[in-house]
Each structure stands twice: as C-alpha cells, then as structure tokens.
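Engineer: Please see the structure below; I have some questions.
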Amino acid sequence: MSHDFQPGRRSRKGRPQMPPEVQAVADELSRRAAQMWAESDGELSIAEAVELAAFRMGVEMPQTVTEPREGP
C-alpha cells in the first residue's frame, strides 16, 4: 500500500496569522505525524498519527469537558 499524504499549507484567508512560534510547532507536528503515518503501513489513521506525534512532542490534546467542575 502506497501512502502519498503530504502535509501542506492550508489557505488561511480570513483567519488571523499564527505567531511564528506556534506555526513552527504546527509545522513540526504535521511533519512528524505524516512521517509516522507513512511508516505505519496502514496500522495508523492520520488522526491517530497526529495524536501520537502530539503526545511524543509533549503537547496535550484539548479535552472536552462534559461536566462542570466543582470549585470555590
């Protein structure tokens, strides 16, 4: 099975520019995820590869909170 996914820059028309530091992290995450996905021989979806790459980079994925937190 051939994997031809290549991360690319998406049109950001109408969206604010990311700060250079954030863009660098996003680019690195994209690069690592694409590499993991290509090397997985179909064992990972691209979404799983992104999650794994983020975990390995030490980036926490946003969590959906379904219950209000108890607090002061």
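The values are calculated or read from the model by the stated rules, or taken from the named source; none is laboratory data. All figures in this text were calculated on a predicted structure; none of them were measured in a lab. Neighbour counts are summed over all protein chains in view; Cβ atoms, including those assigned to glycine, are modelled from backbone coordinates with ideal geometry. Note: accessible area is taken over every heavy atom of the protein model, side chains too, but ligands, DNA and RNA are not part of it. Shrake-Rupley method; radii C 1.70, N 1.55, O 1.52, S 1.80 Å.
Engineer: Any idea which residue in the stretch 47-67 is least open to solvent (accessible area, probe 1.4 Å), counting only those that are at pLDDT 60 or above and farther than 15 Å from residue 28 by Cα?
Structural biologist: 47
Engineer: If you scan the stretch 28-61, which residues turn out to be of a type in the set (Asp, Glu) and in contact (Cβ under 8 Å) with a residue 12 or more places away in the chain?
Structural biologist: Correct list: 28, 41.
Engineer: In this structure, is residue 34 aliphatic (A, V, I, L, M), modelled with pLDDT of 90 or more and open to solvent by 50 Å² or more (accessible area, probe 1.4 Å)?
Structural biologist: Here the answer is no, as residue 34 does not meet what is asked.
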